[in-house]
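Report on the structure given below.
Here, each number is a calculation from the coordinates, and none is a lab measurement. All values derive from a computational prediction rather than experimental measurement. Cβ placement follows ideal geometry from the backbone for every residue including glycine, while neighbour counts extend to all protein chains displayed.
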Amino acid sequence: MSDAAVIDHPSVPLVRQAFPDCAMQATLFRGQTTLIVPAAKVHAILRFLRDAPECGYNALMDLSGIDYLGYPATQPGRFAVVYQLAALGSGNRLFVKVYLDPSLDTSGIVEDPTLYLDSVTRLWPAAEWAEREVFDMFGIRFKGHPDLRRILMWRDYPAHPLRKDYPLTGRGEREHYSVTPRSQG
């Protein structure tokens with residue numbers, strides 16, 4: 001679909017008007033509009049979408065991570081974080097996507113200074129668990145998160161298992177993990 005079809009979404013021109021100096025792209029896929037924004041502006045744009053009365057995106061429906069390693073099409077970054085927003089009053093929905101490109105080797109658990117975003121937990125408290133999951137599975141950290149720690153893997157897990165450079169069979173974590181028998185409860 002062309003970008004002209006996307007402009008029909010009521011929120012896209014409002015965001016473009018509110019952030020005239022911000023380079024952003026709007027896409028339409030299967031009837032769903034996605035606004036691709038730079039990482040430095042994502043928090044301000046999300047706040048605008050929530051607070052502007054003409055937008056009113058009062059619900060964060062989902063927040064997820066994507067690893068584009070090996071993806072056949074070129075992407076502006078290897079990782080993406082996608083925010084799915086809903087305006088419950090009007091019924092409008094909008095996806096906001098931000099790309100992040102790592103500056104360090106991603107095969108381990110090394111903290112990469114480029115894989116950071118501002119937390120949206122103050123905008124939508126429901127983001128707390130979803131941000132923890134994206135951190136745990138992809139290693140993307142959220143500045144200002146009230147309790148950013150692993151949520152699915154154990155605390156000392158040595159990697160982020162949904163990164164595509166993580167081996168499918170693991171690196172021996174299951175074989176070396178100490179099991180507590182039921183008798184020790």
Checklist entry - Kirkwood hydrodynamic radius (Cα pairs, Å) of region 3-184? => result 17.8
Item to check | Karplus 3J(HN,Hα) series, Hz, for region 101-114 with 6.51 cos²θ - 1.76 cosθ + 1.60 (x for Gly, Pro) | outcome: 10, x, 10, 10, 4, 9, 6, x, 10, 5, 6, 9, x, 8
Item to check | Likely footprinting exposure, D67, D165, D21, fewest C-beta neighbours within 10 Å first | outcome: D21, D165, D67
Next on the checklist: Can you sort V179, V96, V12 from fewest to most other Cβ atoms within 10 Å of each residue's own Cβ?
Outcome noted: V179, V12, V96
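Taking the Cβ of each residue in W154, W124 as the centre, tally the other Cβ atoms inside 10 Å and list the residues starting with the fewest.
Numbers: W154 8, W124 19.
Starting with the residue having the fewest Cβ neighbours, the order is W154, W124.
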Item to check | Stretch gain in nm, segment F29-M153, where the contour uses 0.36 nm per residue and the Cα spacing is subtracted | outcome: 41.3 nm
Checklist entry - What net charge do the residues around V96 carry, taking every other residue with its C-beta under 14 Å from that of V96, with Lys and Arg at +1 and Asp and Glu at -1? => result +4
Item to check | Formal net charge of residues neighbouring L162 (Cβ-Cβ distance under 11 Å; K, R +1; D, E -1) | outcome: -2
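Between E54 and D101, how high is the FRET efficiency from 1/(1 + (r/R0)^6) when r is the Cβ-Cβ distance and R₀ = 22 Å? Nearest 0.05.
Numbers: r = 33 Å, r/R0 = 1.50.
Computed FRET efficiency for E54 and D101: 0.10.
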Item to check | Per-residue HN-Hα couplings for region 152-158 [Karplus 6.51, -1.76, 1.60; θ = phi - 60°; Hz; x = Gly/Pro] | outcome: 10, 9, 5, 3, 9, 4, x
